[in-house]
Amino acid sequence: MKYLELETFEVPNGKIVSIFLNNSEARNAMTWQMGEEFEKAIMALKKDLPRVVIVSGRNSVFCAGGDLTLLRSFSTKTYRQNKRDMQKFYAFFLSVLKLQCPVIAAVNGHAIGAGLSLAFACDLRVMAKEGKYSFNFVRLGIHPGMGSSYLAPKLLGTSLGNRLLFTGETFNGEDAYRLGLSNHIVPIDSVYKTAFELAKEIANSAPLALQELKSNLYSWKEMEKSLAKEAKSQARNFLSSDFKETLQAVSEKRSPVFLGK
């Protein structure tokens, strides 16, 4: 696989599998090919279920969000194409929710936009003290995606979840721990080790009970409703002047000026 690395560790009566995002040229930004590889890896794990899965990143970063080249391509497509493609893109990475075992996000560095959404789609999180985290969608001129409009209020409560989605503000690892987003707060070079120790602890529990628990924690039907709404909204936003302004501002290394068009 080009954009992923998998490692397997044997534990009594099972295994722990780690999935590492590895797009070194773009801070592990999510590409279409990475998404296809991610879903393929999840489908393979469903057939040979580990006791625990860890999702992490190489290159001292978790995930910088959607790849800029991919985002640019959406501005050239039709509304119908974008709506279809966004739902497919979400499904690649959110397939982790359908994995019937506990999943830990070892957030070893910055997690932005869809990257933070992926961390939220995991059952537990270990986040780096010095990491920077943000649902920055609205600051890019687009509706929050990758399930964030469902996951953020679910995990944080409506008030705080809405605040992070509406402002797109950046918070650090200490904030994440204080807000209850992270189960541990550790230095960046200790994130994976801490997540692995947590995985070994969980692996001691009864696998059937863990599988039942995982299936009962989330309402996939409710999530799918949110994803459909996100795809429609993002499909429209990608064709807006505000999103074109975002792309222009990125190329000119300045802040965008939004006009609501």
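The values are calculated or read from the model by the stated rules, or taken from the named source; none is laboratory data. Worth saying up front: this structure is predicted, and the values here are computed from it rather than measured. Methodologically, a virtual Cβ is constructed for each residue, glycine included, from the backbone with ideal geometry; neighbour enumeration extends over all protein chains shown. Keep in mind that these areas ignore ligands, DNA and RNA; they rest on the heavy atoms of the full protein, side chains included. Shrake-Rupley method; radii C 1.70, N 1.55, O 1.52, S 1.80 Å.
General remarks:
- Once the 1.4 Å probe is applied to the protein heavy atoms, the stretch 172-226 comes out at 61 Å² accessible per residue.
- Under a 5 Å amide H cut-off, with hydrogens placed 1.01 Å from N, Lys132 pairs with His110, Ala111 among residues at least 5 apart or on other chains.
- Placing one equal scatterer on every Cα of the chain and applying the Debye formula, the log10 ratio I(q)/I(0) at q = 0.07, 0.13, 0.16, 0.17 Å⁻¹ is -0.23, -0.80, -1.23, -1.39.
- Relative protection proxy for 99-111, 171-183, from highest mean packing down: 99-111, 171-183 (other beta-carbon atoms within 10 angstrom).
- Net charge dipole, the stretch 142-204: roughly 200 debye, given to the nearest 20, about the Cα centre with Cβ charges of +1 for Lys and Arg and -1 for Asp and Glu.
- Rounded to the nearest 20 debye, the dipole size of the chain about its Cα centre is 880 debye, using +1 on the Cβ of Lys and Arg and -1 on the Cβ of Asp and Glu.
- Neighbourhood charge, 15 Å Cβ-Cβ cut-off, centred on Val250 and excluding it, Lys, Arg +1 and Asp, Glu -1: +2
- Based on DSSP H segments of at least four residues, each scored -39500 (n - 2.57), the chain has a per-residue ellipticity at 222 nm of -15000 deg cm²/dmol.
- For the stretch 93-162, the fraction of C-alpha pairs farther apart than 21 angstrom is 22 percent.
- Residue pairs, from the table Lys132/Lys261; Lys154/Lys229; Lys154/Lys225; Lys40/Lys200; Lys15/Lys200, whose Cα atoms sit over 20 Å apart: Lys132/Lys261; Lys40/Lys200
- For His184, the amide hydrogen comes within under 5 Å of the amide hydrogens of Met127, counting only partners 5 or more places away or on other chains and with H modelled in the peptide plane.
- Here the accessible area of the chain is 51 percent carbon and sulfur, with a 1.4 angstrom probe and all protein chains present.
- Rg ratio (alpha-carbon, reference 2.2 N^0.38 Å) - the stretch 112-252: 1.18
- For His143, the accessible area of its heavy atoms, probed at 1.4 Å with every protein chain present, is near 60 square angstrom.
- Gyration tensor verdict on the stretch 137-176 (Cα atoms; rounded if a/c is under 1.5, prolate if a/b is larger than b/c, oblate otherwise): oblate
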